[in-house]
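Please read the structure below before turning to the comments.
Nothing in this text is a laboratory measurement; each read-out follows from the coordinates by a stated rule. Model, not experiment: these values are computed from the prediction. With ideal geometry, Cβ positions are generated from the backbone for all residues, glycine too; neighbour counts draw on all protein chains shown.
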Amino acid sequence: MRLFVAVDLDERARRQATAAMVRLRRHCEEASRDFAHILRWVPPDKLHLTLHFLGEVDSARLPALRAALAAPLMLRAFDLSLGAPGVFPLSGPARVVWLDVAAGAGELSALHAELGARLREHRFELEQRSFAPHLTLARLKSPPPTDLAWLIQSAVIEPVAPWRVDHVTLYRSQLSAAGSLYGAVLRMELAP
């Protein structure tokens with residue numbers, strides 16, 4: 001099964017992030033109709049901030065995974081907000097459109113580190129790239145026809161107001177013709 005650990009958005013943050021996504025989509029399509037065909041926008045109900053993508057995990061390892069994540073998290077609940085749009089990678093053709101973390105990035109990085117240590121202790125392989133907290137809004141199916149980074153960064157959008165992060169969720173992702181289907185496997189509470 002495909003698994004990842006993520007921070008959920010509350011309903012207000014989800015509405016505001018969706019509004020930002022709609023604004024960015026219009027901004028891109030006004031600049032070039034080609035963007036309508038190459039940008040695949042994340043459905044609003046699937047918006048989340050990934051902490052760790054575990055990829056394919058054998059179901060026999062699920063007890064070890066639950067053991068790794070069962071102990072209470074040490075980090076206290078914190079506020080998180082989102083700000084400016086950008087693209088990954090930072091150089092070369094864009095592949096992902098995102099919103100950066102305006103407040104709470106330090107806490108999010110600490111949470112990433114705590115979960116990573118637990119997962120490595122139970123011999124789960126983690127991505128090697130450095131953690132860059134962000135909310136993915138869209139992925140590109142092919143290279144953009146123009147400088148997408150400049151276009152995205154020139155968009156005027158409202159920031160996403162802070163929401164309280166008091167838990168993280170282990171999700172199962174099933175690929176289907178209609179897109180990925182997410183199901184919560186385990187919810188882990190942060191310290192009050």
| field | DSSP-loop trypsin sites (Lys or Arg not before Pro) across region 1-40, with at most 13 other Cβ within 10 angstrom | value | ARG33
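Helix check for the chain. Which DSSP H runs span at least 20 Å along their own axis by Cα, with a mean Kyte-Doolittle hydropathy no less than -1.0?
On the way: long enough: 11-31 (30 Å, -1.12); 105-121 (24 Å, -0.11).
Counting only whole DSSP H runs, the qualifying helices are 105-121.
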| Hey, what did region 46-152 get for relative contact order, percent, Cα under 8 Å, at least 6 apart? | 37 percent
| request: Let me know the Rg and Dmax you get for region 2-189 when you use only its Cα atoms, in Å. | output: 17.0, 50
| note | Helix-only [θ] at 222 nm, the chain, -39500 (n - 2.57) per DSSP H run of 4+, per residue, nearest 500, equals -9000 deg cm²/dmol
| message | Taking 8 Å as the Cα distance limit and 6 or more residues as the minimum spacing, I'd like the relative contact order of the chain as a percentage. | response | 35 percent
| task | Within region 73-125, list the trypsin sites (Lys or Arg not before Pro) lying in a DSSP loop whose Cβ has at most 13 other Cβ atoms in a 10 Å radius. | result | ARG123
